[in-house]
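Have a look at the structure below before the remarks.
The values are calculated or read from the model by the stated rules, or taken from the named source; none is laboratory data. What you are looking at is a predicted structure, and each value in this text was computed from that prediction instead of being measured. Using ideal geometry, Cβ is built from the backbone for each residue, glycine included, and neighbour counts are taken over all protein chains shown. Just the protein is used for accessible areas: all its heavy atoms, side chains included, with ligands, DNA and RNA removed. Shrake-Rupley method; radii C 1.70, N 1.55, O 1.52, S 1.80 Å.
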Amino acid sequence: MAFPPSFIDELTARNPIEEVVGQYVTLKRSGANMFGLCPFHDDQHMGSFIVYPRGNCYRCFACEAKGDSIKFLQEHCKMDFIGAIRWLGKHYGISVD
């Protein structure tokens, strides 16, 4: 199943990264960004995992994990690309099929 780039752009724009990641990681706001313990490695220090709401992406400066809400679901929840698209669509009421 192929999705046009415009659909992917709309889907990620309607799914704020802080809401998607925030379902799995406790985030604390500091200025425009949000910080938490990285779910991709044994993070001991708050601050290496940053969610950038304005850019709709995340990054860990310790393990170099980075991406958007689709990539987060693929990596953290072990979903394939189609599964992540369907999850976001279902969760936010956007028809995928």
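One table, with the values for the structure above:
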| read-out | value |
| --- | --- |
| Average Cα contact separation per residue, the chain, under 8 Å, 6 or more apart, as relative contact order % | 23 |
| Straight-distance crosslink candidates among lysines, where the alpha carbon sits under 17 Å from Lys66 and sequence neighbours closer than 8 are dropped | Lys78 |
| Qualifying trypsin sites (Lys or Arg not before Pro) for the range 1-55 [loop in DSSP, other Cβ within 10 Å: at most 16] | Arg54 |
| Sequence of Phe35, Phe61 when ordered by accessible area, the most exposed leading, probe 1.4 angstrom | Phe61, Phe35 |
| J(HN,Hα) series, the range 57-71, from Karplus relation 6.51 cos²θ - 1.76 cosθ + 1.60, nearest Hz, glycine and proline x | 8, 10, 7, 10, 7, 8, 9, 6, 5, 7, x, 10, 5, 5, 4 |
| Under Karplus coefficients 6.51, -1.76 and 1.60, residue-wise ³J(HN,Hα) of the range 5-14 in Hz, glycine/proline x | x, 5, 5, 4, 4, 5, 4, 6, 5, 7 |
| Principal axis dimensions, the chain - Cα atoms, whole angstrom, descending | 41, 26, 19 |
| Accessible area in the full protein assembly, largest first, 1.4 Å probe, for Thr26, Thr12 | Thr26, Thr12 |
